[in-house]
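What follows is one structure encoded as structure tokens, with my remarks underneath.
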Amino acid sequence: MEFKEWFCLKDRDSFTIDPKINPTDAQFYFGRTDVEKRITAQLRKSFIAPGTPKIMVWGPYGSGKTQTLYYVHWYLDNNKPHSCKLIPRVLHVDIEVASNSTCGDIHIQLVEAVGRDAVLQWVQALFKQVSDINKELLDITSDKNIANALAELRAGGDSSMNAWRWLQGDSGLKPRELEALHVTRRLGQIGAGDMVNVLISIGELAERNGEKLIFMIDEMEELMNVRSGDSAESIHQYMRKVAEPANSSAGFIIGFKADTLNDAPAILIRDDVRSRIGEINYLEIPHLPAVQDVKTFVQEMLRHLVDQGAADKKIQTEDLGITLDTYPFSAEAFELLCDYASQDPVKSLPRNLINCINECAIQAWDQQSQIVDENIVNDVAPLVFG
Amino acid sequence: MTLKLPWTIESIGPEEIVSLIKHRMLETLSLEFKGAMYPLGDAGQRELLRDVAAMANADGGFIIIGVEEDQLGRACNLSNVERPAVACDRIIQTCLDSIIDRIAGLKAKSIEVKPNVHIVVVCIPSSTAKPHMITKNMKTDFWRRYDRCKRRMTYAEIRRGFTSFDYFQKLSEIEAKLTRIQVGPEYAHLEMENPVEKFLAKFIYSSARMTNLTIVSPYIGVAEGPRVSLQRACSRIEREKIPTYVITTEPTEDYHKKGIDLLNACKYVELRFNKQLHAKVFVAMALETSDAFGMFGSGNLTTAAMEKNIEIGMLILGRGHGRDILKQLYHWSCIQLRTFPGSTLVKKITINRRT
């Protein structure tokens, strides 16, 4: 019998939860009712003012920041708040940041995440709806250069490619190529503002096509890698401008590791960025603070990962002597696990819990045991929780 | 009145010098007149070095020795330079000895403008290696020419000079391209020499906090190389209590048994056998995702793979798209493979239990 059948797992081969491995895992958000309420409330409000989400989620490693981003994506796809009148287009971006990365490096990754095809499609769709595309594009963005570049995407061939390169902030365009695009300078030549205007314009373009652009940007603690003062400042300027109230079309939810907010990359918590985003939009994803939170997490997780019907049948037919709400753990093993998990608050993290549950199950499997008992928890939990 | 100077040192002759004086040519950023040769001694040498370096740190140009200037800096008279050939040699030698970096293309030439009237022309090309520093008598100095005069460069100018000149920028661009050509994207490196040793070395010597190690290798020996060994890896595993999951085939060869013995002695190692195993995957997960890394390829964890065999492997780092690839590798090797049919537990991790 395979592992998944052994433990009556539903649509998975282990007790691992990872939306990057199993996309349907995005729907899970266990034991975080408070956080869930706060984040969904902020989402609802954000679509009213400033018009798009601008949220930062932070917490220690393993606290569930990535899961939060994916959960929010799932939430927007499946339980979209009424305040969001458009179809969310959520893009997950794994930003790469090096020691000399500048705002240009961030910008190109965000624009690439949207994709040329999508932007072209929006421009094409707009072209079909309006009589004067150039006027319409100027209405979307007051910047003539951006309007011309967007219009040129429709041209096809090299011209379209160069227009896309310009929108990405490619500094390698030659003067002749710039001239052909009817733009007066390279993007970003005068600073981050130009680039942010492109991002906002693309967001506006999406809105004209009934979509709401939202970036999910994870692992932004990598901004700590930026050593050069000038590079850091350029990224700060970019962030500041994206956070401006004037941007109501390109939303973001940024996840970064920090044990306290003071540990966060300075770029993300500088006063001018914080005041624009709003303190209320800096949401902590903490350790599971109390043993009851751990119990809730584990129970919810087991309930969702295990096929309850199959498990119930197994408990009855095999006379396992355990209850469904802790299956496959015995009651004592469940209590012991939660006890281990909450003895050190620093280690009381979803990642550790999931890892421990999985290892306990593997050990039970090795022993050909239908349940996870205290002995197994005593073997496994110290390795995870110390 | 000023004249344009499309000169090279080869094209300058007596007529050009006469023409300068006739037209009362004005000194410029790129043209300086000296009525007499720099005197011998420290003061004269210092003045020479400052004039040449200052012009090199600007846009290059010409210093014409033997042409006097008036108060307004206009060429007015000729003045003979004694022993012009020696003067040229002295100028070049002094500059070679005391200006760093050396000014590429620096030349000095004597011209007989009239019978027995010689001048010296010093040609300072526009440099890609500025700022040039004067070093003499244990002292260093940076000078720059501004219009007709020169002065010491400011700290900001010196710094700008070092970070903005074409040569340095081009070098940085070349280095960046070379790195991309050699290693591909930031998160994936194709290792064509000793890939297994490189993984092991990275694990042994990394200062990152490792949370988990997975070794999938059909054959495992003591894996002794010049810098690394399985023993040293086990030492780190024990010292830092890193849960380690090993999946291999059941050993029949002596070298494989020795490798298994080493692992068996390690408390934090779980060992499984799977006779169908052919894959070679190594994954080291860390507290910080960016510190995690993995390798998959042809090499087993054996001394032969590290020293004798021709192996190839892809090293994946926990950056950018590498994070997702590592997650997949970890999930496959540490979660799925351990519960595959045929993956039999041989030794579990044994640590002190709570009593």
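Could you say whether any residue in the stretch A:71-78 is β-branched (Val, Ile, Thr), away from chain B (no Cβ under 14 Å) and more than 13 Å from the chain's Cα centre (by Cα)?
No, because not a single residue in the stretch A:71-78 is β-branched (Val, Ile, Thr), away from chain B (no Cβ under 14 Å) and more than 13 Å from the chain's Cα centre (by Cα).
Got at least one residue in the stretch A:140-162 being in contact with a strand residue (DSSP E or B) (Cβ under 9 Å, 6 or more places away or on another chain) and surrounded by 21 or more Cβ atoms within 10 Å (Cβ to Cβ)?
Looking for residues that are in contact with a strand residue (DSSP E or B) (Cβ under 9 Å, 6 or more places away or on another chain) and surrounded by 21 or more Cβ atoms within 10 Å (Cβ to Cβ), one finds none in the stretch A:140-162, hence no.
How many of the residues in the stretch B:136-191 are within 30 Å of residue A:94 (Cβ to Cβ), among the aromatic types (Phe, Trp, Tyr) and modelled with pLDDT under 85?
0
Could you tell me which of the residues A:213, A:173 is closer than 30 Å to residue A:53 by Cβ and open to solvent by less than 60 Å² (accessible area, probe 1.4 Å)?
Going through A:213, A:173 in turn, just one is closer than 30 Å to residue A:53 by Cβ and open to solvent by less than 60 Å² (accessible area, probe 1.4 Å): A:213.
Test residue B:248 against the stated conditions and say whether it is buried (at least 20 other Cβ atoms within 10 Å of the Cβ) and within 14 Å of chain A (Cβ to nearest Cβ).
Answer is no for this residue.
Exactly one condition in (1) within 14 Å of chain B (Cβ to nearest Cβ); (2) modelled with pLDDT of 95 or more; (3) part of a helix (DSSP H, G or I) is false for residue A:217; which is it?
If we test residue A:217 against (1) within 14 Å of chain B (Cβ to nearest Cβ); (2) modelled with pLDDT of 95 or more; (3) part of a helix (DSSP H, G or I), just (3) comes out false.
Condition check: among the aliphatic types (A, V, I, L, M), closer than 24 Å to residue B:271 by Cα and touching a strand residue (DSSP E or B) at 6+ places or on another chain (Cβ under 7 Å). Does residue B:329 satisfy that?
When the stated conditions are applied, residue B:329 passes them.
Any residue at all in the stretch A:32-54 that's in a loop (DSSP other than H, G, I, E, B) and under 30 Å from residue A:365 (Cβ atoms)?
yes
Going by the conditions given, is residue A:224 surrounded by fewer than 22 Cβ atoms within 10 Å (Cβ to Cβ), within 14 Å of chain B (Cβ to nearest Cβ) and touching a residue at least 12 places away in the same chain (Cβ under 8 Å)?
Answer is yes for this residue.
Within the bounds of the stretch B:31-44, is there any residue that is of a type in the set (Ser, Thr, Tyr), part of a loop (DSSP other than H, G, I, E, B) and open to solvent by 60 Å² or more (accessible area, probe 1.4 Å)?
Checked against the condition, which is being of a type in the set (Ser, Thr, Tyr), part of a loop (DSSP other than H, G, I, E, B) and open to solvent by 60 Å² or more (accessible area, probe 1.4 Å), the stretch B:31-44 yields no hits at all.
Go through the stretch A:113-135 residue by residue and tally those that are among the charged types (D, E, K, R) and in contact (Cβ under 8 Å) with a residue 24 or more places away in the chain.
Looking only at that region, the number is 1.
Please find, among B:139, B:130, the residue that is of a type in the set (D, E, K, R), within 21 Å of residue B:159 (Cα to Cα), open to solvent by 20 Å² or more (accessible area, probe 1.4 Å) and out of contact with any helix residue (DSSP H, G or I) (no Cβ under 9 Å at 6 or more places or on another chain).
None of the other options fit; the residue is B:139.
Look through A:338, A:360 and report the one residue that is in a helix (DSSP H, G or I), within 13 Å of another protein chain (Cβ to nearest Cβ) and either free of Cβ contacts under 8 Å to residues at least 60 places away in the same chain or of a type in the set (Gly, Ala, Ser) (or both).
Result of the check over A:338, A:360: A:360.
Consider residue A:132 against the criteria (1) within 14 Å of another protein chain (Cβ to nearest Cβ); (2) open to solvent by 40 Å² or more (accessible area, probe 1.4 Å): it satisfies all of them except one. Which criterion is unmet?
In the conditions (1) within 14 Å of another protein chain (Cβ to nearest Cβ); (2) open to solvent by 40 Å² or more (accessible area, probe 1.4 Å), residue A:132 misses (1) alone.
So which residues in the stretch A:363-383 are within 9 Å of another protein chain (Cβ to nearest Cβ), of a type in the set (A, V, I, L, M) and touching a residue at least 40 places away in the same chain (Cβ under 8 Å)?
Hit for the stretch A:363-383 is A:381, nothing else.
Go through (1) over 30 Å from the mean Cα position of the chain (by Cα); (2) exposed (fewer than 14 other Cβ atoms within 10 Å of the Cβ) one by one and return the number of the condition residue B:91 breaks.
(2)
Here is a yes/no grid of residues against (1) more than 14 Å from every other protein chain (Cβ to nearest Cβ); (2) open to solvent by 50 Å² or more (accessible area, probe 1.4 Å); (3) under 21 Å from residue A:46 (Cα atoms); (4) not in a loop (DSSP other than H, G, I, E, B):
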| residue | (1), (2), (3), (4) |
| --- | --- |
| A:81 | yes, no, yes, no |
| A:84 | yes, no, yes, no |
| A:93 | no, no, yes, yes |
| A:97 | no, no, no, no |
| A:106 | no, no, no, yes |
| A:112 | no, yes, no, yes |
| A:117 | yes, yes, no, yes |
| A:122 | yes, no, no, yes |
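Could you please give the count of residues in the stretch B:297-323 that are more than 10 Å from every other protein chain (Cβ to nearest Cβ) and open to solvent by less than 50 Å² (accessible area, probe 1.4 Å)?
Residues flagged as more than 10 Å from every other protein chain (Cβ to nearest Cβ) and open to solvent by less than 50 Å² (accessible area, probe 1.4 Å) within the stretch B:297-323 amount to 15.
Which residues, taken from the stretch A:176-210, are modelled with pLDDT under 90 and surrounded by 22 or more Cβ atoms within 10 Å (Cβ to Cβ)?
The answer is A:188, and nothing else.
Filter the stretch B:324-343 for residues that are over 12 Å from residue B:281 (Cβ atoms), free of Cβ contacts under 8 Å to residues at least 40 places away in the same chain and at the interface with another protein chain (Cβ under 7 Å from one of its Cβ atoms) and give the result.
Correct list: B:324, B:327, B:335, B:339.
Can you work out which of the residues in the stretch A:1-43 that are more than 9 Å from chain B (Cβ to nearest Cβ), surrounded by 15 or more Cβ atoms within 10 Å (Cβ to Cβ) and hydroxyl-bearing (Ser, Thr, Tyr) is farthest from residue A:88 (Cα to Cα)?
By that ranking, first place goes to A:29.
If I ask for residues that are surrounded by fewer than 21 Cβ atoms within 10 Å (Cβ to Cβ) and out of contact with any Leu (no Cβ under 9 Å at 6 or more places or on another chain), which ones from the stretch B:107-117 would you list?
Selection gives B:107, B:109, B:110, B:111, B:112, B:115, B:116.
Within the stretch B:344-355, identify whether any single residue is over 34 Å from the mean Cα position of the chain (by Cα), more than 10 Å from chain A (Cβ to nearest Cβ) and either of a type in the set (Lys, Arg) or closer than 15 Å to residue A:20 by Cβ (or both), and answer yes or no.
yes
The values are calculated or read from the model by the stated rules, or taken from the named source; none is laboratory data. Because the structure is predicted, anything quoted here is derived from the model rather than measured. Cβ sites come from the backbone with ideal geometry, for glycine too, and all protein chains shown count toward neighbours. Protein only, heavy atoms only, side chains kept; ligands, DNA and RNA dropped before computing areas. Shrake-Rupley method; radii C 1.70, N 1.55, O 1.52, S 1.80 Å.
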